[in-house]
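The values are calculated or read from the model by the stated rules, or taken from the named source; none is laboratory data. Keep in mind that what you see is a predicted model, and the values were worked out from it rather than measured. So basically every Cβ, Gly included, is an ideal-geometry build from the backbone, and we count neighbours across all protein chains shown. Protein only, heavy atoms only, side chains kept; ligands, DNA and RNA dropped before computing areas. Shrake-Rupley method; radii C 1.70, N 1.55, O 1.52, S 1.80 Å.
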Amino acid sequence: MASNGEMLSSFRWLTRKSHSLINIRDRQKTPTTTSDLSTTLPKSNIALPGFHNNLKTGEPRCLVLKNDIKRSMSSSGSEESSSTSRQSSVDSSSSSSSNSTDGISGPDLLELLGSNSSLPSCCSLGPKFKLVHEGDVQVCRLNHSRTVMNKILSSKYLRRWESHHLYLSNTQITSKTPCGFMEEAVQYAVIEDVYVFVTCEATQKYCVCVDLPEGSLLLQVNNAYVRDQWLNSITWKRNMLKHKKLLANTRRPDVFIKELKSLVEMSLTTPLQDDCIYNSPLELISELLQESSVWLPKSLNEDIISVICPLLELTSPTPEICEFLTTYCTENPRSRIVLEMFTPIIQRILKHNMDFGKYPKTRVFVQEYIQALSYQNDGRKVLEKFINSIHGVSSSCPHPRVLPNLVSVCLAAVYALYEEKRNWSIEDRNDVSVLNSDWEARLVSFIYILELISIHEDWLPGLSQLLQPIPFPDDALSHSLFTKSLKPVLERIAADPRCEVHLMVLGIRDEKEGWLHLYCPGGVACEDDGDLWSHMIQHLLQCCCRRRRFLEQHLSKQVGPCMLRALRDDPALQGALCAMLELEAVQNRDLQLQIATTLQSTTQGKQLYAVLVQRQQHLRELQQKGGPRKLTLPSRSTDADVAKLLSCGSFGNLECLSLAFTQVTSACAEHLIKLPALRYLNLWSTQFGDGGLRLISEHLNKLQTLNLCETPVSDKGLQCLANMKSLRKLNLNSTSLSAQTFEKLKQKLPALQECDIRYTDAW
């Protein structure tokens, strides 16, 4: 055994500093004895062999350093709160910077002791550690018995160290080989204190002391960094278990909030850095929210949100917490909590989320947040401010996940809204309160998000690609409010000068329809008579689509709407028709004549066609052969369109005319009688009535086929058909034909071969 003189020489600096600390306290407070100093140290240190006696004799062998790190983490004043602070040591700076708060250098420690300053508290500026779950350490167990034999066996010269591979579970410390000192697991619940055990011995330099009721457990590692890592990891798991028990057992709201604050503060101030440092408290809070929903009053929801929001800004919320926040957002959309505390959480979700399919409740939370923003005063400006803030002030958004996440949320919201509408009962559809609900306002708010996204040039290429497959339900595409609200987005896509953007209005494949087809006059989404469709074609032809292949694949199938818009003085479609003739995208001669006739029906179209004829020899020859033999007007054509077309062109050769499913009335009859060679006339599903029927029966004597299916004609007008002796085929399906009139027509029309009288009184 070494003499007391040798020990005093070895620890001269620590002894001197410890006595200087006593002298300072003597001057500031009441006189302090050596025994008073011993009471300020942990109980376990006094019980260590040789420590208690040496303090009495003034010859300390070792000193356990403790500070008040994280004392503020637990306002309950429990012993565990103060025990987490016992981290500073003389050796800590060997693996960290000099300004570290978890391990400080010897000179810094002496300076702090000499100036009577408290040791620095732990904060986020110190060294960071990864949470330990397992590792190899040297283990020594010391008994706190006061017998002489146990003191001798526990002395530093006779201590026995064992090598163990320890596991830090959620409730206890176990060994891979449960034998020796670690034959039984060490429960966190029985640990009294955990701190750094400082000694100047070269072989026992980096130790963590775990105080137990029956003794102490020393864990020795290779360096100060690993030592502090084990210290913080054990402290973290021990405190997590403590908070879990306290929060699960309490039924007092004030205690619940207090312990919840302590848990969150511990997570935010710990020097550990690991995914579970934030995820484990959130999982615990999720369980508690589900269990406490019965007894915890809703009036405390704001307090709970205020406590956990700082934690949610650092990690993704669990599904249970998302559901909790969604419920609050739905019930209190205009609360200050939504604007002040939810915004950073939503921004983090949009910036870091990788797949809303795996976390649908997170997506619903974002949807409800956006909906809550739209409910604010001047909701559109609030939404605009939110989108601009998440995009950033630069011309390019630094977060690549924001765009697809925002679009995903909007698409899912649109689908959910139309699913909600489809589930309305008959009573709901007749209920004024339901019809006047905010359903339409919610729909428009999500489409407005897409419009705000399209304003940013760096987002427009990605947005156009995401919208190219037309990812909306069919009932949305046929809803005028939806298609009208989406128009500004498609206008920006079509007008963008970048080919990779404006080409997205076409189908994703040649056989698939795109936005260009949906907004074509007569298309399912067209509610503006083709204005947006014309806008798309104009920019496509001006850039990269003035090619025969494009015209054949897309416009040759839509010649009718093209002619209708050209007939209404649309310069974009007049240019498109000229391009179809110039590049020979239309091979049918009658169709070419129809296009030529349409162009000559307007002043500007006539000028364009005249310039084109000078360059194209085959068009001059086509013009000399007369007008077309067949002509079909597109749906939505009116009497004015028929008058404009037939009054300007040459239709002396026209034999077949189809006005089926147009908006013409009996007023167009005065232009039809100017077609002396007409043999086929289709008026299916028009408003052509008795007056027009009387007029054409007097002049169109060569007419052989007449289709009056689903027209408002009656017996009064049908009786005039007796003058049309050349009629061979007559369709009177779904008209007001009577049996008597039908018998008279059969007698007076000897050439009649077929007559469709289904769904009439004569059937």
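Observations, loosely collected:
- Meets criteria (open to solvent by less than 10 Å² (accessible area, probe 1.4 Å) and either in contact with a helix residue (DSSP H, G or I) (Cβ under 9 Å, 6 or more places away or on another chain) or assigned to a loop (DSSP other than H, G, I, E, B) (or both)) for Leu646: no
- Boolean, Ser697 is open to solvent by 20 Å² or more (accessible area, probe 1.4 Å), modelled with pLDDT of 90 or more and of a type in the set (Ser, Thr, Tyr): no
- Breaking point among (1) open to solvent by 10 Å² or more (accessible area, probe 1.4 Å); (2) part of a helix (DSSP H, G or I); (3) not basic (Lys, Arg), for Asp569: (2)
- Candidates Glu457, Glu440, Glu427 - the one that is farther than 30 Å from Gly522 by Cβ, open to solvent by 50 Å² or more (accessible area, probe 1.4 Å), touching a residue at least 12 places away in the same chain (Cβ under 8 Å) and not hydrophobic (A, V, I, L, M, F, W, C): Glu457
- Test: residue in region 520-529 that is buried (at least 20 other Cβ atoms within 10 Å of the Cβ) and assigned to a helix (DSSP H, G or I): no
- Hey, Lys244 surrounded by 17 or more Cβ atoms within 10 Å (Cβ to Cβ), touching a helix residue (DSSP H, G or I) at 6+ places or on another chain (Cβ under 9 Å) and more than 22 Å from Leu142 (Cβ to Cβ) or not: yes
- Test: residue in region 730-748 that is under 25 Å from Leu564 (Cα atoms) and open to solvent by less than 60 Å² (accessible area, probe 1.4 Å): no
- Those residues of region 296-318 which are open to solvent by less than 60 Å² (accessible area, probe 1.4 Å) and not polar (S, T, N, Q), in sequence order: Leu296, Pro297, Leu300, Ile304, Ile305, Val307, Ile308, Cys309, Pro310, Leu311, Leu312, Pro317
- Counting the residues of region 270-298 that are part of a helix (DSSP H, G or I), polar (S, T, N, Q) and farther than 19 Å from Ile345 by Cα gives 1.
- Residues in region 750-763 that are modelled with pLDDT under 90 and surrounded by 15 or more Cβ atoms within 10 Å (Cβ to Cβ): Ala762 alone.
- Scanning region 251-270 for residues that are touching a Lys or Arg at 6+ places or on another chain (Cβ under 9 Å) and of a type in the set (Ser, Thr, Tyr) gives Thr269, Thr270.
- Leu168 meets all of the listed conditions (1) open to solvent by less than 60 Å² (accessible area, probe 1.4 Å); (2) modelled with pLDDT under 95 but one, namely (2).
- Of the criteria (1) surrounded by 15 or more Cβ atoms within 10 Å (Cβ to Cβ); (2) within 26 Å of the chain's Cα centre (by Cα), which one Pro271 fails: (2)
- Any pair with Cβ under 8 angstrom, 6 or more apart, that starts in region 170-195 at a residue that is within 18 Å of Val132 (Cα to Cα) and ends at one that is open to solvent by 70 Å² or more (accessible area, probe 1.4 Å) and among the hydroxyl-bearing types (Ser, Thr, Tyr): Ile173/Tyr167; Thr174/Tyr167; Ser175/Tyr167; Lys176/Tyr167
- Residue count for region 498-518, restricted to those that are under 28 Å from the mean Cα position of the chain (by Cα) and either among the hydroxyl-bearing types (Ser, Thr, Tyr) or outside any loop (DSSP other than H, G, I, E, B) (or both): 10
- The residue that is farthest from Ile447 (Cα to Cα), among those in region 472-497 that are in a helix (DSSP H, G or I) and touching a residue at least 60 places away in the same chain (Cβ under 8 Å), is Ala476.
- Condition met for Val264 (in contact with a helix residue (DSSP H, G or I) (Cβ under 9 Å, 6 or more places away or on another chain), open to solvent by 20 Å² or more (accessible area, probe 1.4 Å), in a helix (DSSP H, G or I) and of a type in the set (A, V, I, L, M, F, W, C)): no
- Residue, surrounded by the fewest Cβ atoms within 10 Å (Cβ to Cβ), within region 176-215, restricted to residues that are modelled with pLDDT of 90 or more and among the polar types (S, T, N, Q): Thr177
- Residue count for region 331-341 under the criterion of being farther than 15 Å from Gly379 by Cβ, open to solvent by less than 80 Å² (accessible area, probe 1.4 Å) and assigned to a helix (DSSP H, G or I): the result is 2.
- Hey, Leu681 part of a loop (DSSP other than H, G, I, E, B), open to solvent by less than 10 Å² (accessible area, probe 1.4 Å), closer than 25 Å to Arg636 by Cβ and touching a strand residue (DSSP E or B) at 6+ places or on another chain (Cβ under 8 Å) or not: no
- Residue pairs meeting the criteria (Cβ under 6 Å; at least 6 apart or on separate chains; first open to solvent by less than 80 Å² (accessible area, probe 1.4 Å), in region 609-635; second assigned to a strand (DSSP E or B) and at pLDDT 65 or above): Leu631/Leu657; Thr632/Ser658
- Among residues of region 732-763, those that are at negative phi and not in a helix (DSSP H, G or I), counted: 20
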